Amino acid sequence: MIESKEIISELAPLIEECGFDLYGICEAAIPEEDQKNILTWVKDGKHGKMDWYPKNMDLRLQFSNLGFEPKSVIALGTLYNDPEYDGICKTMSFRFSRYAIGEDYHLVLRRIAKPLVSELKKKFPNHRFRQGVDSLPVPEKVLAREAGLGWQAKNTNLIHPELGSFFFITVILTDLPISVANVPLKDRCGTCTACIDACPTNALTPYRIDAGKCISHHTLEDHSPKISNSFGWIAGCDICQDVCPWNQVKARKKGIQTKREEFRARSVFKENPNSILDLDKEGFDRVFGDSAISRMNFEMFRRNVELAKEWVRKKETF
């Protein structure tokens, strides 16, 4: 059995060259407490309109029917916080989540991990390696936490004590047995409830989110013709991360930001962001075809735009 320190030490230069800021290894197992939490979350209907979530629960919790039996997980994280984001926001009458202003992270993370996956297959030809970027129904945040990439905070996001929480996660499942020696990072949320207090829809309770109340869920997952107040957000929501002291003080003070051009704001956000409000279907496909928000259809986009405009009008009235 290979030691995790040994393989990480050997692969670290390539991992960093690929563009990953965080990496670690854990056993391919979902802790019993997390399994119970996930099952309770679904039973209580907290997954909102994400009807796909309760499906394939055996795969989600036990990695069943994956095609092979994974023994280990390599978890990787890369920052996406654009240093120009705050300045861009001042020029917009609406809000876009940080992760949605650049290229589709699903495609980027697959692309930049290719050299690593290829090297692993070359080095261990008798073993299987399968990458997931929100594409496999496995709890990636739990696995990344177990691999030491951060602690799972009260807003349910992972926080790294030096880098904050604005990072994407991808996991590589493998049947290669790796002896894991790392210890998950200690929860350092303490008595802070900034994320819970700031959520305008009361979607958060400590370490639990009611997706049906979440603005990100409303704008990206709910296909209904009408949705609840999005508070000016057209795609996603960053409120619970924006107010987090680990992002506001720690990461921001140290100038923690993405090094990847793919996650920087596309030109429309820099040149004429409010033109986004008038995009027709052709324009929407042209501007956001390679973006993570392409998961929403044009009708959802127009619905969100009109709701954002309404929110701005009401805000200006008071």
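The values are calculated or read from the model by the stated rules, or taken from the named source; none is laboratory data. Treat the numbers as computed from the prediction; the structure is a model and nothing was measured. Reconstructed Cβ throughout: ideal geometry from the backbone, glycine too, with neighbour counts over all protein chains shown. Keep in mind that these areas ignore ligands, DNA and RNA; they rest on the heavy atoms of the full protein, side chains included. Shrake-Rupley method; radii C 1.70, N 1.55, O 1.52, S 1.80 Å.
Picking from Ala75, Ala29, which residue would you name as being farther than 24 Å from Ser294 by Cβ and more than 19 Å from the chain's Cα centre (by Cα)? Even if it seems obvious, please write down each step before you answer.
Values: Ala75 fails: more than 19 Å from the chain's Cα centre (by Cα).
After applying the criteria, what remains is Ala29.
Within the stretch 194-214, is there a residue that is open to solvent by 20 Å² or more (accessible area, probe 1.4 Å), hydrophobic (A, V, I, L, M, F, W, C), in contact with a Cys (Cβ under 8 Å, 6 or more places away or on another chain) and over 23 Å from His47 (Cβ atoms)?
Within the stretch 194-214 (the criterion being open to solvent by 20 Å² or more (accessible area, probe 1.4 Å), hydrophobic (A, V, I, L, M, F, W, C), in contact with a Cys (Cβ under 8 Å, 6 or more places away or on another chain) and over 23 Å from His47 (Cβ atoms)), the answer is yes, since at least one residue qualifies.
Sort out which residues of the stretch 262-283 are basic (Lys, Arg) and exposed (fewer than 14 other Cβ atoms within 10 Å of the Cβ), and write them in order of number.
Of the residues in the stretch 262-283, the ones basic (Lys, Arg) are 264, 266, 270, 281.
Selection gives Lys281 alone.
In the stretch 221-248, which residue that is surrounded by fewer than 21 Cβ atoms within 10 Å (Cβ to Cβ) and of a type in the set (A, V, I, L, M) is farthest from Phe166 (Cα to Cα)?
Only one residue fits best here, namely Ile227.
Since Gly67 meets every condition but one in (1) touching a strand residue (DSSP E or B) at 6+ places or on another chain (Cβ under 7 Å); (2) exposed (fewer than 13 other Cβ atoms within 10 Å of the Cβ); (3) within 25 Å of Lys114 (Cβ to Cβ); (4) of a type outside the set (Asp, Glu), which condition does it not meet?
(1)
Does the stretch 284-303 hold any residues that are surrounded by 14 or more Cβ atoms within 10 Å (Cβ to Cβ), farther than 20 Å from Ala265 by Cα and of a type outside the set (Phe, Trp, Tyr), and which are they?
Met300, Arg302, Arg303
Among the listed residues Ser135, Ser118, Ser165, identify the single one that is within 24 Å of Phe269 (Cβ to Cβ) and of a type in the set (S, T, N, Q).
On the way: Ser135 fails: within 24 Å of Phe269 (Cβ to Cβ); Ser118 fails: within 24 Å of Phe269 (Cβ to Cβ).
Matching residue, one of Ser135, Ser118, Ser165: Ser165.
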